[in-house]
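Below you'll find the structure, written out as structure tokens, and then a few comments.
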Amino acid sequence: MTTHFSIRPAQVKDIPAILEMIKELADFEKLSHMVHATEESLQNALFGEHPACEALVGCDQNEPIGFALFYHNFSTFVGKRGLHLEDLYVKPAYRSFGHGRDLLVEVARIAVARDCGRFEWVVLDWNDSAIDFYQGLGAEILPDWRICRITGALLEHLAR
């Protein structure tokens, strides 16, 4: 399959496609039960009064076939903001053409243009193909760090 791939900032009209791809990613990661995002919540997060994140959309002939969703964080050690890649996804039929790499490179360019001190993301420890892909790009997999998370009722309880 030959593709005519392009990357552009997400637009409001992309929300349904982005949500569909988020659900596909969750299915692959066996985490579908954790997806609570809606078109409305994504629209607010990406385009609301106080956007929480940004997204790039990878298109084949103007049809969304992949996305990269990211947001700023901050490193006290580096003393600069960084960029955190929340999700990178390319539909299975469009993989092996370099589109995932192209999306990742474009986010890296944004990080450099914004003078970010870090560009980070997480990967599931069982996803060997993703780990190989990221290491092939020069990413360091940090073995000593663990993600801590509190959600739902436990978060509400802690906040009280």
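The values are calculated or read from the model by the stated rules, or taken from the named source; none is laboratory data. All values derive from a computational prediction rather than experimental measurement. Note that each Cβ is placed from the backbone with ideal geometry, even for glycine, and that neighbours are counted across all protein chains shown. All accessible areas refer to the heavy atoms of the entire protein, side chains included, with ligands and DNA or RNA removed. Shrake-Rupley method; radii C 1.70, N 1.55, O 1.52, S 1.80 Å.
Rg over Rh of segment 1-84, using C-alpha atoms and the Kirkwood radius, what does it come to? Mind showing how you got there, number by number?
Values: Rg = 14.6 Å, Rh = 14.2 Å.
Looking at segment 1-84, the ratio lands at 1.03.
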**Report entry** Charged-residue dipole, Cβ positions (Lys, Arg, Asp, Glu), segment 15-80 about Cα centre, Debye nearest 20
**Finding:** 360
Query raised in the report: Over all distinct alpha-carbon pairs, what is the Kirkwood Rh of segment 46-159 in angstrom?
Result: 16.0
Query - Protection-proxy order for peptides 63-76, 135-148, 24-37, each taking the mean of Cβ atoms within 10 Å per residue, highest first - result: 63-76, 24-37, 135-148
Report task. Run the accessible area of segment 1-136 with a 1.4 Å probe and give the carbon-and-sulfur part as a rounded percent. Result -> 52
Report summary line: Nearest-0.05 FRET efficiency for residue 63 and residue 38 at R0 = 22 Å, using Cβ-Cβ distance, is 0.50
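Charges only on Cβ, +1 for Lys and Arg, -1 for Asp and Glu: so what's the dipole of the chain about the Cα centre, in debye to the nearest 20?
The calculation lands at about 360 debye.
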Query raised in the report: For residue 131 and residue 24, FRET efficiency with R0 = 22 Å and r from the beta-carbon atoms, rounded to 0.05?
Result: 0.65
Report task. Go through segment 30-39 residue by residue and turn each phi into a ³J(HN,Hα) via Karplus (6.51, -1.76, 1.60, θ = phi - 60°); whole Hz please, and just put x for glycine and proline. Result -> 6, 10, 4, 5, 9, 7, 10, 4, 10, 4
Report task. Per DSSP H run of n ≥ 4, the term is -39500 (n - 2.57); total these for the chain, divide by its residue number, and report the mean residue ellipticity at 222 nm rounded to 500 deg cm²/dmol. Result -> -10500 deg cm²/dmol
Query raised in the report: For residue 73 and residue 105 in one chain, what is 0.36 nm times their gap in residues minus the Cα-Cα distance, to one decimal in nm?
Result: 9.7 nm
Report summary line: Taking placed amide H atoms and a strict 5 Å upper bound, the residues 5 or more places from residue 119 or on another chain that come that close are 83
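Can you list the GluC sites (Glu not before Pro) in segment 47-94 that are in a DSSP coil and have 12 or fewer other beta carbons within 10 angstrom? Please report the intermediate quantities before stating the final value.
Working: sites: 49, 54, 86; in loops: 49.
In loop regions of segment 47-94 (DSSP not H, G, I, E or B), the sparsely surrounded GluC sites (Glu not before Pro) are 49.
What does the charge dipole of segment 70-160 about its Cα centre add up to, to the nearest 20 debye, if the Cβ of each Lys and Arg holds +1 and the Cβ of each Asp and Glu holds -1?
Here segment 70-160 has a charge dipole of around 300 debye.
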Query raised in the report: Picking from 77, 96, 142, whose Cα lies most toward the positive end of the charge dipole for the chain (charges on Cβ: Lys, Arg +1; Asp, Glu -1)?
Result: 77
